[in-house]
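Note sheet for the following structure.
Just so it is clear, none of the values below were taken in a lab; they were calculated from the coordinates. In this text the structure is predicted, and so the values were computed from the model without any measurement. Here Cβ is always computed from backbone atoms with ideal geometry, including for glycine, and neighbour counts include all displayed protein chains.
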Amino acid sequence: MRITLGVTGGVAAYKAAELVRLLQKDGFSVQVVMTRGAREFVTPLTFAALSGQKVITDLFGDSSGGEANLESAIEHIAVAQRTDLLLVAPATADILAKFARGIADDFLTTLYLASTAPVVMAPAMNVNMWNHAATQENVERLRARGVKIVDPDEGYLACGMTGAGRLASQNAIVAAVREMLKAQRDLDGETVLITAGPTREDLDPVRYITNRSSGKMGYAVAEAAARRGAKVILVSGPVDLDVPPGVEHIGVRTAKEMHHVVVDRIASASIAILAAAVADYRPVEQRTEKIKKSEAALTISLEPTSDILAEVARNKGQRIVVGFAAETDHVAENARKKLSAKNADLIVANDVTAEGAGFDQDTNIVTLFSRDGRDLALPKLTKSEVAQRILDEVLRLRGVLHGAATVKRSRI
């Protein structure tokens, strides 16, 4: 597996050299990314010799005056796509703040925003800097996004003070990496069926009824589930997105086609996450010729499409079924009604009129309404981060529901 090790500018930077060796001993391939500050403490040559790989130091080519090129300009994307985990050790107060606030002003911070891989950070700094309210706020924000923080040890610090701030031991950091990667394979053995994108219901050979869904949320869930070890079946309406690596993709156009594929494949799935914005209605009559424009009003008769979520949930057995609710008002009320009416286990609801949420955006603001009565409101997150939280809640909910069922059966 590939680990990208970010080394930032602190006295503990030299300890990252030993960390490279330990990670390699564990069978990981390690590529090092150094900030400008880190290079004041350790040379890139040290890490290149230890890792056997190029050490990345700048976002746009060689900072010594070499000419930047297209390859260097997009290298952060290539590294982001091939890494299985991003580890930052030591992590300074500065890098914690930049990651927390989404600042991208060098290779490492840009890589963080471009990557969907799990992240582990091991802070190291002065005790007062670590205890400062701003640093603690940034740490909590990162934890809320799923970043694993390896708390610093207490002891004598390079500044002469004593307290929390020393970089955690290399063994503790490696253990956190193992734990994070193991947690990220918590869907091993599962088959997850996911629907995504819009459907198109034809009026005539030229026109159709559709909606504004981009498919980004469903595709983010598919990528996250595959990264966590699941076999993923992605049933997608027409979208302009790349299929995530390792995902089985079945393209459909209409609600009827999506319904047919889901019914055909659902038996093999242990989890169903129905994120597609399926058309609620389709034209009763599909014209074989283009409808000509005239001065007269045009009336189109519509009929309801099949309710895929309700049908899947009605025959779910031990399967966990997740639905989505895109609302414009009374979000909580409507989501709870849908949760009950459709017999779903989890409803992911959002107000599509809110800034930073809704269709064709890279972020979302959702609340997860669970069958066991838990309502989990999430802050504005990227859709990749929302996808991870949905999968976390699916696993939590299955443990609750199936655990309760086992206890109930044992009492009979």
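Taking the three principal axes of the alpha carbon atoms in the range 199-260, the coordinate ranges are 42, 22, 13 Å, sorted in descending order. Secondary-structure-derived ellipticity at 222 nm for the chain, considering helices only, amounts to -11000 deg cm²/dmol, per-run term -39500 (n - 2.57) for DSSP H runs with n ≥ 4.
If you look at the Cα atoms of the chain, you get an Rg and a Dmax of 24.7, 86 Å.
Determine the sum of side-chain charges near Phe369: Lys and Arg each +1, Asp and Glu each -1, restricted to other residues whose C-beta is under 14 angstrom from that of Phe369.
On the way: positive: Arg336, Lys337, Lys338, Lys342, Arg371, Arg374, Arg389, Arg396; negative: Glu327, Glu333, Asp345, Asp351, Asp372, Asp375, Glu393.
Value of the local net charge: +1.
Here the Gaussian network model covers the chain, with springs between Cα atoms less than 10 Å apart; of Ser213, Ser294, Ser268, Ser294 fluctuates the most. In a reduced charge model with +1 at each Lys and Arg Cβ and -1 at each Asp and Glu Cβ, the chain shows a dipole moment near 1260 debye about its Cα centre. Look at where the Cα atoms of the range 43-62 and of the range 262-319 average out, and the two centres are 53 Å apart.
Excluding Val232 itself, what net charge comes from residues whose Cβ is under 11 Å from its Cβ, given Lys and Arg +1 and Asp and Glu -1? Walk me through the intermediate numbers first.
Numbers: positive: Arg227, Arg228, Lys231; negative: Glu190, Glu223, Glu248.
Computed value for this residue: 0.
Rounded to whole Å, the principal axis extents of the Cα atoms in the range 2-183 read 45, 32, 31, largest first. For the range 165-224, the Cα gyration tensor yields ellipsoid semi-axes of 45, 14, 5 Å (square root of five times each eigenvalue, largest first, whole Å). Calculated on C-alpha atoms, the gyration radius of the range 191-411 divided by its Kirkwood radius gives an Rg/Rh of 1.00.
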